[in-house]
1. Can you tell which of B:268, B:315, B:289, B:255 is modelled with pLDDT of 85 or more, of a type in the set (A, V, I, L, M, F, W, C) and under 16 Å from residue B:167 (Cα atoms)?
2. Against the definition (in contact (Cβ under 8 Å) with a residue 60 or more places away in the chain, within 20 Å of residue A:117 (Cβ to Cβ), part of a strand (DSSP E or B) and within 14 Å of another protein chain (Cβ to nearest Cβ)), how does residue A:271 come out, yes or no?
3. So which of B:100, B:104 is facing chain A (nearest Cβ under 7 Å) and among the hydroxyl-bearing types (Ser, Thr, Tyr)?
4. Applying the selection to the stretch B:76-92, what residues are facing chain A (nearest Cβ under 10 Å) and assigned to a strand (DSSP E or B)?
5. Farther than 27 Å from residue A:276 by Cβ and of a type in the set (Asp, Glu) - does that describe any residue in the stretch A:301-312?
6. Quick check on this structure: which one of A:248, A:266 is within 14 Å of chain B (Cβ to nearest Cβ) and assigned to a strand (DSSP E or B)?
7. Does residue A:118 qualify as being within 14 Å of another protein chain (Cβ to nearest Cβ), surrounded by fewer than 21 Cβ atoms within 10 Å (Cβ to Cβ) and at positive phi?
8. Of all residues in the stretch B:382-403, count the ones that are modelled with pLDDT of 90 or more and either over 13 Å from residue B:194 (Cα atoms) or part of a loop (DSSP other than H, G, I, E, B) (or both).
Amino acid sequence: MGEITDWFRVKLSRRGVLGAGILAAGGSAIAAAGAAQQPAPAERSSGSGHDGLGSAGHGPSHGAMMTVGEVDEERNGFDTRKMLTDWETGTVSRLPGGRVLRTFEIDAVDKEIEIAPGVMFPAWTYNGRVPGPALRATEGERLKIVFRNFGSHPHSIHCHNIHSARMDGIPGAGVIAPGEEFVYEFDAVPFGCHLYHCHALPLKRHIHKGLYGLFVIDPDPALHPEHTDVARSRLLGTPENAEWQELAMVMNAFDTNFDDENEVYAVNTVAHTYMKRPIPIRRDKPVRVYLVNAVEFDPINSLHLHANFFDYYDHGTTLTPTLRTVDTVMQCQAQRGILEFSFKDHEPGLYMFHAHQSEFAELGWMSFFDVQEAVA
Amino acid sequence: MNEAHPVTEAGSTPAEEAPRSRAPLVWLVLPLAVLALAVAWLVAADPLRSFDNGAPPVENLTFERTVLSSGGIDLLVRAGGSEPMTIAQVLVDDAYWEFSQDPSGPLARGETAWIHLPYPWVQGEAHAVKIITNTGATFEHEIPVAVPTPVPTTGSLVNQALLGAFVGIVPVAIGLMFYPALRGIGRGGMNFLLAMTVGLLVFLMIDAGGEAFELADEAAAIFQGQVMVVLAAAASFLLLMAIGRRDGRPAGLALATFIALGIGLHNLGEGLAIGAAFASGAAGLGTFLVLGFTLHNITEGIGIAAPMLKGRPALWIFPALTLLAGGPAVLGLWIGSLAHAPQWSALALAIGAGAILQVVIEVAAYLMKSDGRGVAALSSWPVLSGAAFGVAFMYATAMLVKI
């Protein structure tokens, strides 16, 4: 004990204090210097694809504007290429009286998905995929959607079609807590290209987290004698329909840092996915795109097709086009429609399509059709 | 057997002294052993698991250097996350852009990497770079005015030296040229000059300190900019005080040298800031701006001259002091335009502020001593008006150069 008090009693000379101050500051300087080992800029190999940059710094027009790397589709559990033609038709049975009863089963699941190479997003999903399954039914059928909520928040399915208030999927009418189940029942009317989404609150968050999907009701040819051929071509499973190349496309976007602005835009979730793997199109077969805009935060979205024009059926609720011979169509949030076009008079090659909001295009919503003589 | 003998002898000698030397050793080892045990337990048992609330790791990314060339944009980034972080994508002006990272892979805390973007940037316009990590967090960096980053050529180094000379060396030389005119000055005039020196030094100190804190905020959190600035200023202050007072209070030429050193360190920081500003295109260089700097710094020469008025310094002293006070501006410009990082500029400015504080104290002490009245001299009319003039002159001429 005596030793310690003696130590404290030692008078601190001014010089000693000065030395201590310098020591402390010197220590911080050494720590800073230690953390400062900066690697030199990377050597640029002259054989790389960046050669096109001239002395003024002008690079290739599109070549470098792209996400880097690949998305692990296996880990995601859904493949954006297969998603284009992956229609969920549910299970079919007959009601007494012969009417078709079509039953869909949808589970809400929390799941982390890769929306751009290396960028993970904590999504809320229907059946583990974003967008949710592309439901497909036929006009006049009785539909039953068995919805189970395995997520961490209350959710619902709010279908854009004609139904009763009790089946609307809003708080008090179909929004269910985690662990609960609800069965939505209504008739498949009207025919058209629709969507469904979660209508739990707050609305923006529940939608942009990934709870939305296509909901297509094919017209019943028997109910449209004046346009039987058109209706038959729209009805999944008919030989006339098999002549078409049908594609399901949901325009969506993700706010990865939750600042109410999207960082990633895409068709079917993954940025640039159809740039890196263009969609194969058979030149001699017409193309029909079921398109819905599920983007949050931005009021409108659009699709522009390069080097070609299409007929457009707003909401898909008519059998004659609502817009003829256009190459760009605008959709507000939740607006949707059907595009019909053909490449039969075009030479094979890559034909681009993208949002004509250049901002969305540059943030991932840019794609290619790969028009070929024959598709494997 | 011959070899074994000295070995046993050597081994036995410390054994005999052990009772005296072992106790302190135990008290050195024991705390370290406890630390090692605590670390081992933390790692093995993971008792902090209960604090894991599922939140994503804290991520931080600081942009330290921006190099614009015909090859595109190169950025030096420093990670400061709670865990190693992964750069997933890079956007330029809200467009995903191809990039390469060197070295590649996740960045541990404090680690740096170069991001190379073959982006066709536009001369004189603004660009924004945004980095997205694998968790979706974003970090933005603005390039306010895109201009090619200077590369060290003989021509550019000479040009920068010329600029540095106009900002640092020329005004000090001009100020020192007043020396012969000031020599015959009386006590009141002398007090005015010394007080003016204190005033301009106080202005420089506040200016350097403020700038140091500002730059410290731009630096990566790992450098603890604010603390670094305070410690560096304190260290330079204490070091110079200790050196200066080895042989009593500095006066005459010694005091003039310290003033020149303090101003020189300030000019180094100033040069770094100007160099970095021009390199990043933040400031265009106008004749008016350079003239402003020259005018602004003229009083510095007069300040250096003031304590030497009673002596008879050799002629070579004047160019030497000019170089000491003004030369670092050239050095700062070179370094600042070629290898700028905010923490180094902050460090240089902080050291300058500390050095100036030392000079302020010593000049005030010299003033009191040479006047003979002590503290009472400080409240005399020439001193108060001199200090006020020094600060006001600096403030007014600074209006010419602040952008």
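The values are calculated or read from the model by the stated rules, or taken from the named source; none is laboratory data. The shown structure was predicted, so the numbers you read here are calculated from the model rather than taken from an experiment. Cβ atoms come from the backbone with ideal geometry, glycine included; neighbour counts cover every protein chain shown.
1. B:268
2. When the stated conditions are applied, residue A:271 does not pass them.
3. That would be B:100, the only listed residue that is facing chain A (nearest Cβ under 7 Å) and among the hydroxyl-bearing types (Ser, Thr, Tyr).
4. B:76, B:78, B:87, B:88, B:89, B:90, B:91, B:92
5. Yes, the stretch A:301-312 has at least one match.
6. Going through A:248, A:266 in turn, the sole match is A:266.
7. Criteria met by residue A:118.
8. Number of matching residues: 1.
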